[in-house]
1. Residue check: is LEU113 of a type outside the set (Asp, Glu), part of a loop (DSSP other than H, G, I, E, B) and in contact with a His (Cβ under 9 Å, 6 or more places away or on another chain)?
2. Is region 48-58 home to any residue that is under 18 Å from the mean Cα position of the chain (by Cα) and closer than 27 Å to GLU176 by Cβ?
3. Any residue that is part of a helix (DSSP H, G or I), assigned by TED's automatic domain parsing to the domain that holds ALA88, at pLDDT below 95 and under 22 Å from LYS110 (Cβ atoms) - is there at least one of those in region 27-49?
4. Considering only region 319-349, how many residues are in contact with a helix residue (DSSP H, G or I) (Cβ under 6 Å, 6 or more places away or on another chain) and polar (S, T, N, Q)?
5. Does GLU85 fit the bill of being without any contact (Cβ under 8 Å) to a residue 12 or more places away in the chain and of a type outside the set (Lys, Arg)?
6. Going through ASP16, ASP41 one at a time, which residue ends up being of a type in the set (Asp, Glu), without any contact (Cβ under 8 Å) to a residue 12 or more places away in the chain and under 30 Å from PHE351 (Cβ atoms)?
7. Select from region 83-105 the residues that are in a helix (DSSP H, G or I) and touching a helix residue (DSSP H, G or I) at 6+ places or on another chain (Cβ under 8 Å) and list them in ascending order.
8. Which pairs do you get when a residue that is part of a loop (DSSP other than H, G, I, E, B), found in region 339-362, comes within reach of a residue that is of a type in the set (Gly, Ala, Ser), reach meaning Cβ atoms under 7 angstrom, with the pair 6+ apart or on two chains?
Amino acid sequence: MITDQQISVLNRRKEDLFKFLSIEEKQLELQDLEKLTHDADFWNNSDKAQLTLKKISKLKFWVNTYKMVENELDELGVLQEFYNENEASEEDLEKQHQKALASIANLEFKNMLSAQEDELPAVLTINPGAGGTESQDWAEMIMRMYLMWGEKNGYKVKELDLQKAEPAGIKSVTLEFDGDFAFGHLKGENGVHRLVRISPFDSNAKRHTSFASVFVYPLADDSIDITIDPSEISWDTFRSSGAGGQGVNKIESAVRLKHKTSGIIIENSETRSQLENKDKALKLLKSQLYELELRKKQEEKDKLEGNKKKIEWGSQIRNYVLHPYKMVKDLRTNYESSNPDAVLDGDLNAFIKAYLMEFGQK
């Protein structure tokens, strides 16, 4: 039996989201931007027009998702009145309550992805820790895990740079994920990932511990204003590695960018065009500088709020244990799975959700 109190609780949750997500402000901004699109000179500056349309699309997402919650709760209220008048069944009321509950829970989760940068594509880099072949192989396993996660969740994934290692594994990889809230979903993967297993490279079948680091940052678009001084940049070019034979790039199309002020080094071998790789490297530099600013702001906010549960960048975040028992455990949220094979096959959403619900946008 659905009570008035249960419906009242859902309505309070809806009102909280209205405030947290600034729905009224978004509605007013959406009206103003849509008026601009009717101006005769709107398309005179196509780049600016595209940015405006992109912003309209993002605002519509939040406003329409909130309206869906509102509609489900209105329907629930009407059904409750009908039920009280014996004009609707308890089963119908229960079904609508479940729909309203699911709708509001979905928006509460989306609220964890309401920061400006959460909507941007994500760039993810993986580097092995000390330990030679063991860690290099672990880094490649993590790369496969994220590639499978991207495929399962409908993201477009591009390999921007891959440095293979000998005799196995990788020295580094940079991947780009493009799709809905790519950075928002992946931002919690930042940090050190630890593997415990019986080594396939040890003839004595001893247990080994390996480490690999994951760094995720948002791919800044034209709406992010960051100026880079050309005098602060130096370039190197080199041949991108291939599988051999016709796969080897005989031209120095791969690029290495060094930013003197920040110390950031970026390698990109995405295409066989040196010019295109340089353009992308500059975009990646801009994105990392943007991420540094976001991090500084978060650290300042943590100090002001006395946040005792702040996330230490570069610290160990997750254990993947394959021996003597099987378990994956996130050290920040304490969420764990007893099926590491599924996790390593890309089933990461439960870990991502647990992180976002605890540390995401409030």
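1. Criteria met by LEU113.
2. Yes - at least one qualifying residue is present in region 48-58.
3. no
4. 2
5. Criteria met by GLU85.
6. Exactly one residue qualifies, and that residue is ASP16.
7. The answer is TYR83, GLU90, ASP92, LEU93, GLN96, HIS97, LYS99, ALA100, LEU101, SER103, ILE104.
8. The qualifying pairs are GLN361/SER114; GLN361/ALA115.
The values are calculated or read from the model by the stated rules, or taken from the named source; none is laboratory data. Since we're looking at a predicted model, the values are computed, not measured. Note: ideal-geometry Cβ built from the backbone for every residue, glycine included; neighbour counts use all protein chains shown.
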